[in-house]
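Reading through the structure tokens given below for one structure.
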Amino acid sequence: MTERKIKCIGVLTSGGDAPGMNAAIRAVTRTAIYNGLEVKAIYRGYRGLIINEIELFKTQNVSNIIQQGGTILKTARCKEFTTPEGREYAYGALQKEEIDALVVIGGDGTLTGARIFSEEFNFPIVGIPGTIDNDLFGTDTTIGYDTALNTIMQAVDKIRDTATSHDRLFFIEVMGRDAGFLALNGAIASGAEAAIIPEIATKDDQLELLIKNGFRKSKNSSIVLVAESESTGGAMGLANRVQIEYPQYDVRVTILGHIQRGGSPTANDRILASRMGAAAVDALLDGQRNVMTGIQDDEIVYVPFSKAIKNDKPINRDLLEMLRILSI
Ligand code: ATP
């Protein structure tokens, strides 16, 4: 079967929003228009295909958005798209709108949906990793991660002022849904004493190690970054344990929550998103399908969905050891 020539590209953002998504939308739109294609913006992720919230975009639609956090296309979690009936409906909408290919910007779930859909309907899709979690395999970093890391660093700097004034042990919970990148690198960047991350949760009792290693020996306050995770119980779970097992510590918890997703994207995220947006359109024009744009050693690469989704991205354990040394 000969592939249909691509004349119109649809673009959507899905799953959790991430700073820099707008820069990616801008790059997709402008690169496509530059190459003589039409661009249709789909609102609210996959839901937009189901409720038919689709708009033809011109270059002006993406003016003045590169500096804005969030996503002008809105995002949503769409249950219907996880069912064959929902996807059938979405395919109908794409046909009706004469959209020949999709660029989807989102995290692990978004790319999983894209993979299933593209296989079911033989529909060309290129994914762009937009998630603050940095948990996609095959790319050194994801859009939004750098901004979130900087937000965490600034928040921890502020918490440190109060932690030091009161001789307290602070557990600060950061996002990462079972990935410790934000916690580990956030800890290094803010000079925290330790990071408790899910990647090594099953191997050791990280809290016990922390206490055993005598943290706070030479300090009057301690800050530990904790990745949200069921396996460690997150910051609340650890604080509860400290209160019972080590009542001598005056422990406090801060859950940074959604401030980590917000804010104007950093230069790194804007540049990354611009490069990936342009690369996604180039890939579709080159006949590539079912790949995610990635960045490796500052070069754009294309990673098959199957690899990006399935593999657990490894965390650099040397950094954990370095963090331990630097916090003595
Ligand atoms: P983040 O990592 O920031 O949370 P995400 O892309 O992983 O972003 P999800 O909520 O997991 O966010 O997924 C976004 C959407 O992708 C879902 O609401 C659903 O519409 C679609 N999706 C996820 N998993 C599947 C699946 N197995 N089959 C079909 N669609 C899926």
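The values are calculated or read from the model by the stated rules, or taken from the named source; none is laboratory data. Keep in mind that what you see is a predicted model, and the values were worked out from it rather than measured. Reconstructed Cβ throughout: ideal geometry from the backbone, glycine too, with neighbour counts over all protein chains shown. We work out accessible area using only protein heavy atoms, side chains counted, and drop any ligands, DNA or RNA first. Shrake-Rupley method; radii C 1.70, N 1.55, O 1.52, S 1.80 Å.
Per 0.36 nm of contour for each residue apart, how much would the distance between I116 and Q248 grow if the chain were fully extended, relative to their Cα-Cα spacing?
So the chain would gain 42.3 nm between I116 and Q248.
Please go through the residue pairs K5/K307; K40/K313; K58/K96; K5/K58; K96/K313 and name each one whose alpha carbons sit more than 30 Å apart in this structure.
Violating the 30 Å limit, Cα to Cα: K40/K313; K96/K313.
Can you tell me the accessible area per residue over the range 188-328, all protein chains present, probe 1.4 angstrom, in square angstrom?
Spelled out: the 1.4 Å probe surface of the range 188-328, per residue, equals 51 Å².
For K307 and S264, compute 0.36 nm times the residue count separating them, minus their Cα-Cα distance, and round to one decimal in nm.
Between K307 and S264, full extension yields an extra 12.4 nm.
Measuring from label point to label point, each 7 Å out along Cα→Cβ, what is the D318 to Q154 span in nm?
For the pair D318/Q154, the computed spacing is 3.1 nm.
Percent antiparallel among DSSP beta bridges with both residues in the chain, to the nearest 5?
25 percent
In straight Cα distance, which aspartates and glutamates are under 18 Å from K74, not counting same-chain residues fewer than 8 positions off?
D17, E53, E55, D108
Can you tell me what share of the DSSP beta bridges in the range 14-167 is antiparallel? A percent to the nearest 5 is fine.
Of all bridge pairs located within the range 14-167, approximately 40 percent are antiparallel.
Roughly to the nearest percent, how much of the accessible area of the chain is carbon and sulfur, given a 1.4 Å probe?
In the chain, the share of accessible area belonging to carbon and sulfur is 50 percent.
Sticking with the crude label model, points 7 Å out along Cα→Cβ, report the distance from E98 to K79 in nm, one decimal please.
It works out to 3.6 nm between the two label points.
Using 0.36 nm times the number of residues separating M236 and E88, minus their current alpha carbon distance, what extension gain do you get?
49.0 nm
Quick one: among P265, P304, P19, which has the greatest mean-square fluctuation in a GNM of the chain with alpha-carbon springs under 10 angstrom?
Fluctuation is largest for P304.
Counting only the backbone N, which residues of the range 182-196 are under 20 Å from the spot 7 Å out from the Cα of T164 toward its beta-carbon?
Hits in the range 182-196 for T164 at 20 Å: 186-195.
Compute the long axis of helix 181-190 from its Cα atoms, compare it with the longest principal axis of the Cα atoms of the chain, and write down the angle in degrees, 0 to 90, nearest 10.
Rounded to the nearest ten degrees, it is 50.
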